[in-house]
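Visitor: Below are the C-alpha coordinates for one structure; questions will follow.
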Amino acid sequence: MSKVKVWLMVAALLGLASPAQALEFKVYPYSTPSEGEVELAYWWSQIVKSDNSYDYFGKQLNKEGLQQESLEIEYGMTDRWTIAGYADFENPKGDEFKYIRARAVVSRYRFFEQGERFLDGAIYVEYYLPYQKYSDAEKIETRIILEKDIRQISIILNPIFEKDVSGAEVDAGMEFEYASGLYYRATPWLTPGVEFYGVMGELSDMKPKDQQEHYIFPRLGFKFQHRLGLDIGYGFGLTQASDDRVIKAILELEFP
(Lines give C-alpha, C1' and ligand atoms only; values in the text may rest on other atoms or scores of the structure.)
Protein backbone atom coordinates (compact mmCIF):
# COMPACT_ATOMS: atom_id res chain seq x y z
CA MET A 1 0.00 0.00 0.00
CA SER A 2 1.41 3.42 -0.97
CA LYS A 3 2.19 6.15 1.54
CA VAL A 4 -0.61 8.24 0.00
CA LYS A 5 -3.19 5.50 0.71
CA VAL A 6 -1.92 5.09 4.27
CA TRP A 7 -2.20 8.82 4.92
CA LEU A 8 -5.73 8.96 3.51
CA MET A 9 -6.85 6.03 5.64
CA VAL A 10 -5.52 7.72 8.77
CA ALA A 11 -7.24 10.97 7.77
CA ALA A 12 -10.55 9.20 7.27
CA LEU A 13 -10.35 7.58 10.68
CA LEU A 14 -9.94 11.02 12.17
CA GLY A 15 -13.11 12.17 10.44
CA LEU A 16 -11.50 13.56 7.29
CA ALA A 17 -12.96 11.37 4.83
CA SER A 18 -16.20 11.29 -2.76
CA PRO A 19 -19.61 10.15 -2.76
CA ALA A 20 -20.52 6.71 -3.96
CA GLN A 21 -22.13 6.80 -7.36
CA ALA A 22 -25.53 6.25 -5.79
CA LEU A 23 -26.68 7.64 -2.49
CA GLU A 24 -27.12 5.25 0.41
CA PHE A 25 -30.57 6.11 1.74
CA LYS A 26 -30.06 5.12 5.35
CA VAL A 27 -29.67 7.17 8.50
CA TYR A 28 -27.40 5.32 10.93
CA PRO A 29 -28.53 5.41 14.58
CA TYR A 30 -26.39 5.47 17.69
CA SER A 31 -27.49 1.98 18.78
CA THR A 32 -25.56 -1.06 17.53
CA PRO A 33 -25.74 -4.84 17.99
CA SER A 34 -24.49 -5.88 21.43
CA GLU A 35 -21.41 -8.05 22.02
CA GLY A 36 -21.85 -11.42 20.28
CA GLU A 37 -24.98 -10.37 18.39
CA VAL A 38 -25.28 -10.62 14.60
CA GLU A 39 -27.43 -8.39 12.40
CA LEU A 40 -28.31 -9.41 8.85
CA ALA A 41 -29.82 -6.86 6.47
CA TYR A 42 -31.18 -6.76 2.95
CA TRP A 43 -31.35 -3.31 1.33
CA TRP A 44 -33.39 -2.53 -1.79
CA SER A 45 -34.10 0.71 -3.61
CA GLN A 46 -35.51 1.68 -6.99
CA ILE A 47 -35.36 4.98 -8.84
CA VAL A 48 -38.96 5.39 -9.91
CA LYS A 49 -38.51 8.56 -11.97
CA SER A 50 -35.36 10.32 -13.17
CA ASP A 51 -33.96 12.27 -16.11
CA ASN A 52 -30.38 11.52 -15.05
CA SER A 53 -27.98 9.03 -16.63
CA TYR A 54 -24.95 7.16 -15.29
CA ASP A 55 -22.15 4.85 -16.40
CA TYR A 56 -22.84 1.12 -15.98
CA PHE A 57 -19.91 -1.09 -17.06
CA GLY A 58 -19.04 1.37 -19.84
CA LYS A 59 -22.63 2.03 -20.95
CA GLN A 60 -24.47 5.32 -20.46
CA LEU A 61 -27.88 4.35 -19.11
CA ASN A 62 -30.88 6.28 -17.83
CA LYS A 63 -31.22 5.92 -14.05
CA GLU A 64 -35.01 5.58 -14.20
CA GLY A 65 -35.93 2.03 -13.19
CA LEU A 66 -32.50 1.33 -11.65
CA GLN A 67 -32.72 -1.14 -8.76
CA GLN A 68 -29.96 -1.37 -6.16
CA GLU A 69 -29.57 -4.20 -3.67
CA SER A 70 -27.17 -4.84 -0.81
CA LEU A 71 -26.54 -7.68 1.62
CA GLU A 72 -25.02 -6.77 4.99
CA ILE A 73 -23.73 -8.68 8.00
CA GLU A 74 -22.74 -6.81 11.18
CA TYR A 75 -21.24 -8.37 14.30
CA GLY A 76 -20.90 -6.92 17.79
CA MET A 77 -17.27 -7.26 18.89
CA THR A 78 -18.14 -5.44 22.13
CA ASP A 79 -21.21 -3.55 23.32
CA ARG A 80 -19.75 -0.42 21.69
CA TRP A 81 -17.82 -1.68 18.66
CA THR A 82 -19.13 -3.57 15.62
CA ILE A 83 -17.59 -4.73 12.35
CA ALA A 84 -19.50 -5.38 9.14
CA GLY A 85 -19.28 -6.23 5.46
CA TYR A 86 -21.51 -5.48 2.46
CA ALA A 87 -21.99 -6.83 -1.06
CA ASP A 88 -23.66 -4.37 -3.47
CA PHE A 89 -25.55 -5.15 -6.69
CA GLU A 90 -27.29 -3.11 -9.40
CA ASN A 91 -29.97 -3.92 -11.96
CA PRO A 92 -30.66 -1.09 -14.42
CA LYS A 93 -33.82 -1.14 -16.50
CA GLY A 94 -33.11 -3.04 -19.71
CA ASP A 95 -29.77 -4.47 -18.57
CA GLU A 96 -28.42 -7.28 -16.37
CA PHE A 97 -28.34 -7.67 -12.60
CA LYS A 98 -24.64 -7.54 -11.60
CA TYR A 99 -22.37 -7.42 -8.57
CA ILE A 100 -20.65 -4.02 -8.41
CA ARG A 101 -18.60 -3.81 -5.20
CA ALA A 102 -17.83 -4.85 -1.66
CA ARG A 103 -17.70 -2.55 1.31
CA ALA A 104 -15.15 -3.95 3.70
CA VAL A 105 -13.21 -2.94 6.80
CA VAL A 106 -16.52 -1.49 8.02
CA SER A 107 -16.43 -0.45 11.66
CA ARG A 108 -18.82 1.43 13.96
CA TYR A 109 -17.86 2.61 17.43
CA ARG A 110 -20.11 4.24 20.06
CA PHE A 111 -18.65 6.83 22.44
CA PHE A 112 -19.69 6.93 26.10
CA GLU A 113 -22.89 5.36 27.41
CA GLN A 114 -26.28 6.39 26.08
CA GLY A 115 -27.53 9.52 27.84
CA GLU A 116 -24.19 10.45 29.43
CA ARG A 117 -23.75 13.47 27.14
CA PHE A 118 -26.12 15.96 25.55
CA LEU A 119 -25.70 14.07 22.25
CA ASP A 120 -25.08 10.34 21.88
CA GLY A 121 -22.15 10.01 19.47
CA ALA A 122 -20.56 7.33 17.32
CA ILE A 123 -18.26 7.05 14.31
CA TYR A 124 -18.64 4.77 11.29
CA VAL A 125 -15.89 4.03 8.74
CA GLU A 126 -16.04 1.91 5.60
CA TYR A 127 -13.80 1.15 2.61
CA TYR A 128 -15.33 0.76 -0.88
CA LEU A 129 -13.78 -1.97 -3.03
CA PRO A 130 -15.46 -1.81 -6.47
CA TYR A 131 -15.47 -4.61 -9.02
CA GLN A 132 -12.75 -3.40 -11.42
CA LYS A 133 -14.94 -3.67 -14.54
CA TYR A 134 -17.45 -1.38 -12.81
CA SER A 135 -15.10 1.29 -11.42
CA ASP A 136 -11.45 1.83 -10.50
CA ALA A 137 -12.26 4.24 -7.67
CA GLU A 138 -11.67 2.87 -4.18
CA LYS A 139 -13.11 5.16 -1.50
CA ILE A 140 -13.03 5.75 2.23
CA GLU A 141 -16.17 7.02 3.93
CA THR A 142 -16.35 8.41 7.45
CA ARG A 143 -19.76 9.07 8.96
CA ILE A 144 -20.26 10.90 12.25
CA ILE A 145 -23.39 9.74 14.11
CA LEU A 146 -25.10 12.19 16.45
CA GLU A 147 -28.41 11.33 18.14
CA LYS A 148 -30.66 13.09 20.63
CA ASP A 149 -33.69 11.39 22.22
CA ILE A 150 -36.42 13.57 23.73
CA ARG A 151 -39.11 11.31 25.18
CA GLN A 152 -40.69 9.60 22.14
CA ILE A 153 -38.80 11.72 19.58
CA SER A 154 -35.36 10.94 18.13
CA ILE A 155 -33.25 13.38 16.10
CA ILE A 156 -30.30 11.84 14.21
CA LEU A 157 -27.60 13.64 12.23
CA ASN A 158 -25.04 11.90 9.97
CA PRO A 159 -22.47 14.26 8.40
CA ILE A 160 -20.53 12.16 5.87
CA PHE A 161 -17.03 12.68 4.47
CA GLU A 162 -15.72 10.70 1.47
CA LYS A 163 -12.38 10.58 -0.37
CA ASP A 164 -11.23 8.65 -3.43
CA VAL A 165 -7.99 6.78 -2.75
CA SER A 166 -7.55 5.44 -6.30
CA GLY A 167 -8.86 6.06 -9.81
CA ALA A 168 -9.29 9.13 -12.00
CA GLU A 169 -10.55 11.37 -9.16
CA VAL A 170 -7.88 10.49 -6.60
CA ASP A 171 -6.56 14.08 -6.65
CA ALA A 172 -10.02 15.55 -6.08
CA GLY A 173 -10.84 17.01 -2.69
CA MET A 174 -12.85 15.49 0.12
CA GLU A 175 -16.60 15.48 -0.54
CA PHE A 176 -19.44 16.13 1.84
CA GLU A 177 -22.80 14.37 2.11
CA TYR A 178 -25.39 14.27 4.85
CA ALA A 179 -28.16 12.03 6.11
CA SER A 180 -30.52 13.01 8.92
CA GLY A 181 -33.87 12.02 10.36
CA LEU A 182 -36.65 12.97 12.73
CA TYR A 183 -38.57 10.02 14.25
CA TYR A 184 -41.55 9.51 16.53
CA ARG A 185 -41.88 6.23 18.45
CA ALA A 186 -45.67 5.97 18.20
CA THR A 187 -45.80 2.39 19.54
CA PRO A 188 -43.19 -0.30 20.35
CA TRP A 189 -43.64 -1.64 16.82
CA LEU A 190 -44.24 1.53 14.73
CA THR A 191 -41.93 4.54 14.23
CA PRO A 192 -42.95 7.05 11.54
CA GLY A 193 -40.51 9.74 10.55
CA VAL A 194 -38.99 11.90 7.87
CA GLU A 195 -35.42 11.69 6.53
CA PHE A 196 -33.20 14.06 4.56
CA TYR A 197 -30.25 13.22 2.32
CA GLY A 198 -27.85 15.28 0.24
CA VAL A 199 -24.63 15.45 -1.78
CA MET A 200 -23.03 18.89 -1.75
CA GLY A 201 -19.64 18.44 -3.44
CA GLU A 202 -16.09 19.07 -2.30
CA LEU A 203 -15.71 20.75 1.07
CA SER A 204 -13.34 23.34 -0.41
CA ASP A 205 -15.49 23.99 -3.50
CA MET A 206 -19.19 23.22 -3.00
CA LYS A 207 -21.30 22.63 -6.10
CA PRO A 208 -23.85 25.29 -7.17
CA LYS A 209 -27.22 24.59 -5.56
CA ASP A 210 -28.82 23.29 -8.79
CA GLN A 211 -25.98 20.73 -9.15
CA GLN A 212 -26.31 19.43 -5.61
CA GLU A 213 -28.56 16.47 -4.75
CA HIS A 214 -31.11 16.83 -1.96
CA TYR A 215 -33.94 14.45 -1.00
CA ILE A 216 -36.77 14.24 1.51
CA PHE A 217 -38.07 10.79 2.53
CA PRO A 218 -41.27 10.21 4.50
CA ARG A 219 -40.74 6.75 6.02
CA LEU A 220 -42.20 4.12 8.33
CA GLY A 221 -40.22 1.83 10.62
CA PHE A 222 -41.73 -1.45 11.84
CA LYS A 223 -40.44 -3.80 14.54
CA PHE A 224 -41.75 -7.37 14.63
CA GLN A 225 -41.05 -9.69 17.59
CA HIS A 226 -38.15 -7.49 18.72
CA ARG A 227 -35.58 -9.07 16.34
CA LEU A 228 -37.10 -8.34 12.92
CA GLY A 229 -37.33 -4.80 11.54
CA LEU A 230 -38.54 -3.19 8.31
CA ASP A 231 -37.82 0.35 7.13
CA ILE A 232 -39.73 1.63 4.07
CA GLY A 233 -39.70 5.08 2.51
CA TYR A 234 -40.60 7.08 -0.59
CA GLY A 235 -38.27 9.90 -1.52
CA PHE A 236 -38.65 13.11 -3.49
CA GLY A 237 -35.75 14.86 -5.20
CA LEU A 238 -35.57 18.57 -4.42
CA THR A 239 -33.10 19.82 -7.06
CA GLN A 240 -32.51 19.44 -10.80
CA ALA A 241 -29.54 17.12 -10.21
CA SER A 242 -31.58 14.80 -7.93
CA ASP A 243 -33.54 11.79 -9.10
CA ASP A 244 -37.22 12.75 -9.00
CA ARG A 245 -38.71 9.77 -7.10
CA VAL A 246 -37.03 6.94 -5.16
CA ILE A 247 -38.49 4.07 -3.14
CA LYS A 248 -36.49 2.12 -0.55
CA ALA A 249 -36.85 -0.80 1.85
CA ILE A 250 -34.45 -2.26 4.43
CA LEU A 251 -35.15 -5.57 6.16
CA GLU A 252 -33.08 -6.33 9.29
CA LEU A 253 -32.81 -9.47 11.40
CA GLU A 254 -30.89 -9.71 14.69
CA PHE A 255 -29.84 -12.91 16.45
CA PRO A 256 -29.34 -14.71 18.78
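Visitor: Where a Cα-Cα gap under 30 Å defines reach, which lysines qualify for residue 59, not counting those fewer than 8 residues away within the same chain?
Guide: Cα-Cα hits under 30 Å: 5, 26, 49, 93, 98, 133, 139, 163, 207, 209, 248.
Visitor: Report the calculated FRET efficiency for residue 112 and residue 87 (r = Cβ-Cβ distance, R0 = 30 Å), to the nearest 0.05.
Guide: So, using R0 = 30 Å, E works out to roughly 0.40.
Visitor: Keeping all protein chains in place and using 1.4 angstrom, which order do 97, 222 fall into by accessible surface area, from largest down?
Guide: 97, 222
Visitor: Let me ask you something else. Counting only residues 5 or more places away or on other chains, whose amide H sits under 5 Å from the amide H of residue 35 once H atoms are built in the peptide plane?
Guide: When sequence neighbours closer than 5 places are left aside, the close amide H contacts are 79.
Visitor: Quickly work out the residue 220-to-residue 184 label distance, labels modelled 7 Å from Cα along the C-beta direction, and quote it in nm with one decimal.
Guide: 1.5 nm
Visitor: Now for a separate question. Between residue 239 and residue 136, what is the label-point separation in nm under the 7 Å Cα-to-beta-carbon projection?
Guide: For the pair residue 136/residue 239, the computed spacing is 2.9 nm.
Visitor: At most 15 other Cβ atoms within 10 Å and a DSSP loop assignment: could you name the trypsin sites (Lys or Arg not before Pro) in region 173-256 that fit?
Guide: 227
Visitor: Report the full-extension gain for the segment residue 44 to residue 98: residue separation times 0.36 nm, less the Cα-Cα distance, to one decimal in nm.
Guide: Extra length from residue 44 to residue 98 when fully extended: 18.0 nm.
Visitor: Which label marks the calculated value of mean projected area of the Cα convex hull in nm², given the options (1) 20.3; (2) 12.4; (3) 13.8?
Guide: Recomputing mean projected area of the Cα convex hull in nm² here picks out (3).
Visitor: Once the Cβ-Cβ distance between residue 119 and residue 67 is put in as r, and R0 is 35 Å, what FRET efficiency do you end up with, to the nearest 0.05?
Guide: E(calc), rounded to 0.05, equals 0.50.
Visitor: Okay, moving on. In region 172-205, which residues have a backbone nitrogen under 14 Å from the label point lying 7 Å from residue 148's Cα in the Cα-to-Cβ direction?
Guide: 181-183
Visitor: Further, regarding this structure: Testing the spin-label approximation: label points 7 Å from Cα along Cα→Cβ at residue 60 and residue 35. State their distance in nm.
Guide: 5.6 nm
The values are calculated or read from the model by the stated rules, or taken from the named source; none is laboratory data. Owing to the predicted nature of the structure, the values given are computational and were not obtained by experimental measurement. Note that each Cβ is placed from the backbone with ideal geometry, even for glycine, and that neighbours are counted across all protein chains shown. Remember, those area values only see protein heavy atoms, side chains included, never the ligands or the DNA or RNA. Shrake-Rupley method; radii C 1.70, N 1.55, O 1.52, S 1.80 Å.
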